Amino acid sequence: MKQWWWLLLVTQVTAQGVRVGPVPGWVKEYPVHIDEALALRDMEDGYVHFLADRQFNIATASTYHRNVLCLETEAGVQNASQVSVGFDPSYEQVVFHYIRIIRGAKVIDALKPGGFKILHQEKDIYKSIYNGGLTAMLFLKDVRKGDRVDFAYSVNGNNPVFQDKFSETLDAGYSVPVTHLRYRVVCPEGRDLRVRKSESVLPDPQMSKVPGARVYTWNLDNVPAYDDEDDAPSWYDPYPSIQLSEFQSWKEVNDWALSLFQTDGKVSGALAKKIRSIRETCPTKEAEVLAALRFVQDEVRYLGIEMGPNTHQPHDPGQVVDQRFGDCKDKTLLLCTMLRNLGIPADPVLINTDDKSRLLRELPSTDDFDHATVRVWLDGKYYWLDPTISFQRGRLRDIAYPDYQCGLVLTDTTTALTVIPLQDKGMVSCHELFWIDSVSGSARMDVTTRYSGSFADDARGDFNTSSRGEIQKNYLDFYADSYEGIRVRDSIGVVDTAVDGSFVTHEYYTVPKLWTRDAGGPKASFDASLIRSILPKLKDKNRNEPFALSFPDHYVETLEVRLPEDYDLASRNKVVEDPGFIFHTSVKSFGHTVRLTYTYETRKDFIQAGDSRSAYRHLDKVRDELGYALGAGWEEDEEGGSHPMRYLWVGILIGVLGTTVVFLLVRRRPAK
């Protein structure tokens, strides 16, 4: 469960990066004429965002903000009676120009410098990231239904890590309606600003000039609310936007980033000692790569101190080793430094974990990345490694790398993004073995699950972060929904194989109530619980947005039932194919055994919106295949005992001789 931890410090001062001043002379102030009917139409949460005005002065690294809110109901008063601005005190300063409450013809000055509170909110602390950001907040007094709140402020300063290069994304739509949306960018002559619209229907900028600068202006009116559907892929963005960037090519971005990841190559102290130890103890270059990777992954904990330039610039590798913590870029530079000192070519790779291959359509920009990884060249082949993933084991070819799809490899010759091939052949193979001695007693259930690739990483991580007792309980609870009264017969066992990176668990249960009786006689029900649990939860047949699939997913679940007597059963196979996944089921019997095998594998990371109806139908077919019932007939004798009776199955009379029990396998369709 995700836990949100907020570090919150509140002070009553305004000296920490907040002051009051006039509206800058370069800003264009727009008149506001509120149409009451239009305002009521655009109301959300009890108020109307009537004006959102953003203006950028590239030369002075200043951004001007103005908002006009119309509080139409008591709920609007509750939701919009405070003003808050976030900033980084290491390079930014907030200047409030005015805060006005307009009540009819009366204008109330609500800007009270002494009333500001400076809040230190570490919102990413649950991700072990600390950025030192502050929030200036003012709680407005005596706000009433029908008031208009009009406030303006500027945020001055630019992170020096960007080396005075400008890039910005302008949102052209939100989850709430905006009556008037204004953007204005003042760009000095001689600086070339590239513009990209996410949608062709968005307007081109209106161009004008002021002394020494070109001005780009967008006036968007009656901007509707955009509703995003649940479970869309991370790379899908339903909100229109306008991207601005001074970077003319990916080479420029590469050269900027490469300068941040440069070191003199010299190592000393604990880092030099570790490199020397790896060189002396590892028999092959592959072993050296794996030893360095495991050191960075498992012995340098993930912790990001991302303040000022260190939002993008890694700390010195020697410092990272000494303190034994770092974020993704720290770990990336450390691993590259270690491998290069071992004579193994390694390069940093900048990644966008959400946008993925959508980056291929974006403008080159410093804002395009949120993660860093490593590319290694060894024995004529590239390997992609993520130093932030813990507990990876196996050979280099077994190491999984998330489906990031593309990235910017930082080298002296890089001119474009690189498409990254999928490097995760992992899967989950679960074998559930049921030992049935009679149709009236309990059954033994032995479960063996083998994880490989990223699935092994996750399972190994669970066993390293949770107690064995907690995991045992969770596993038992998982099966309790399918098998009433199930209880643990023996402790869970684990086999962690370092050679190929696989991770195997063994579970042992007793199922006391496997058999139930109805008019047709005793019946035992079985369910492919694992695959049922990981199937996509597609709720809507008709979607307007793509639906996210977990990719790559590959599961094989086998239910093997050992019976006390032989029987014959016609083999059966069925395939359900969809553009996003493929499912296969197989039913076989041999001797005392019936075997049910289910395979589910995703083909890509999404289902197209236009394919949602057919995918919904296909998933229903898959679920219908996942449940089976095993039936056995008997009749009571005069002394209360039981003996086999005759079955009529598909029009064929099956004779039951002696004490032989005939078992029938029939498909059980789950209730919808």
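Restricting to the stretch 570-614, and then to whatever is within 33 Å of the chain's Cα centre (by Cα) and of a type in the set (V, I, T), can you tell me which residue is surrounded by the fewest Cβ atoms within 10 Å (Cβ to Cβ)?
V575
Kindly indicate whether any position in the stretch 179-194 is among the hydrophobic types (A, V, I, L, M, F, W, C) and either loosely packed, with under 13 Cβ neighbours inside 10 Å or touching a Cys at 6+ places or on another chain (Cβ under 6 Å) (or both).
yes
Would the stretch 388-404 turn up any residue that is touching a strand residue (DSSP E or B) at 6+ places or on another chain (Cβ under 7 Å), farther than 20 Å from A292 by Cβ and either in the same structural domain as Y509 (by TED's automatic domain parsing) or in contact (Cβ under 8 Å) with a residue 24 or more places away in the chain (or both)?
There is at least one residue in the stretch 388-404 that is touching a strand residue (DSSP E or B) at 6+ places or on another chain (Cβ under 7 Å), farther than 20 Å from A292 by Cβ and either in the same structural domain as Y509 (by TED's automatic domain parsing) or in contact (Cβ under 8 Å) with a residue 24 or more places away in the chain (or both).
Within the set of pairs 6 or more residues apart or between chains, which connect a residue that is farther than 20 Å from L363 by Cα inside the stretch 189-211 to a residue that is small (G, A, S) and part of a loop (DSSP other than H, G, I, E, B) with Cβ atoms less than 6 Å apart?
E189/G212
Just for the stretch 486-516: of the residues that are assigned to a strand (DSSP E or B) and of a type in the set (S, T, N, Q), which one is nearest to the chain's Cα centre (by Cα)?
T505
May I ask you to say which residue of V210, V185, V215, V155 is assigned by TED's automatic domain parsing to the domain that holds H65, modelled with pLDDT of 95 or more and under 16 Å from V85 (Cα atoms)?
V155
List the pairs whose first member sits in the stretch 463-486 and is farther than 17 Å from F503 by Cα and in the same structural domain as A528 (by TED's automatic domain parsing), whose second member is among the small types (G, A, S) and assigned to a helix (DSSP H, G or I), and whose Cβ atoms are under 9 Å apart, counting only residues at least 6 apart or on separate chains?
That search, which allows pairs on different chains as well, returns F478/S529; F478/S533; Y479/S529; D481/S529; S482/S529; Y483/S529; I486/A480.
Output the qualifying pairs, or none if there are none: Cβ atoms under 6 angstrom, residues six or more apart or on different chains, first residue in the stretch 153-171 and over 26 Å from P113 (Cβ atoms), second residue part of a loop (DSSP other than H, G, I, E, B).
Short answer, once both residue conditions are applied: N159/Y91; V161/H312; V161/Q313; K165/E246; F166/I58; F166/E246; S167/S365.
What about D527, is it modelled with pLDDT of 95 or more, acidic (D, E), closer than 23 Å to F434 by Cβ and touching a Ser or Thr at 6+ places or on another chain (Cβ under 9 Å)?
Taking the combined requirement at face value, the residue satisfies it.
Give the residues of the stretch 202-220 that are surrounded by fewer than 12 Cβ atoms within 10 Å (Cβ to Cβ) and closer than 15 Å to L170 by Cβ, sorted by residue number.
D204, Q206
Give me the pairs, please: first residue somewhere in the stretch 443-459 and not assigned by TED's automatic domain parsing to the domain that holds Y479 and among the aliphatic types (A, V, I, L, M), second residue anywhere and at pLDDT 95 or above and surrounded by fewer than 19 Cβ atoms within 10 Å (Cβ to Cβ), beta-carbon distance under 9 Å, and either six or more positions apart or on two chains.
none
Looking at (1) free of Cβ contacts under 8 Å to residues at least 24 places away in the same chain; (2) over 30 Å from V499 (Cα atoms); (3) surrounded by 17 or more Cβ atoms within 10 Å (Cβ to Cβ); (4) small (G, A, S), find the lone condition where S245 falls short.
All conditions pass for S245, except number (1).
Quick grid of which residues meet (1) among the polar types (S, T, N, Q); (2) in a helix (DSSP H, G or I); (3) farther than 18 Å from L181 by Cα:
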{"position": "F56", "(1), (2), (3)": "no, no, no"}
{"position": "L69", "(1), (2), (3)": "no, no, no"}
{"position": "A75", "(1), (2), (3)": "no, yes, yes"}
{"position": "V85", "(1), (2), (3)": "no, no, yes"}
{"position": "Y91", "(1), (2), (3)": "no, no, yes"}
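Counting just the residues of the stretch 277-323 that are in contact with a helix residue (DSSP H, G or I) (Cβ under 7 Å, 6 or more places away or on another chain) and not in a helix (DSSP H, G or I), which one comes out farthest from F369 (Cα to Cα)?
This residue is C282.
Could you tell me whether Q297 is buried (at least 19 other Cβ atoms within 10 Å of the Cβ) and either at pLDDT 95 or above or over 24 Å from the mean Cα position of the chain (by Cα) (or both)?
yes
The values are calculated or read from the model by the stated rules, or taken from the named source; none is laboratory data. None of the values given here were measured: they were computed from a predicted structure. Quick reminder, even Gly has a Cβ in these numbers, built from the backbone with ideal geometry, and neighbours come from all protein chains shown.
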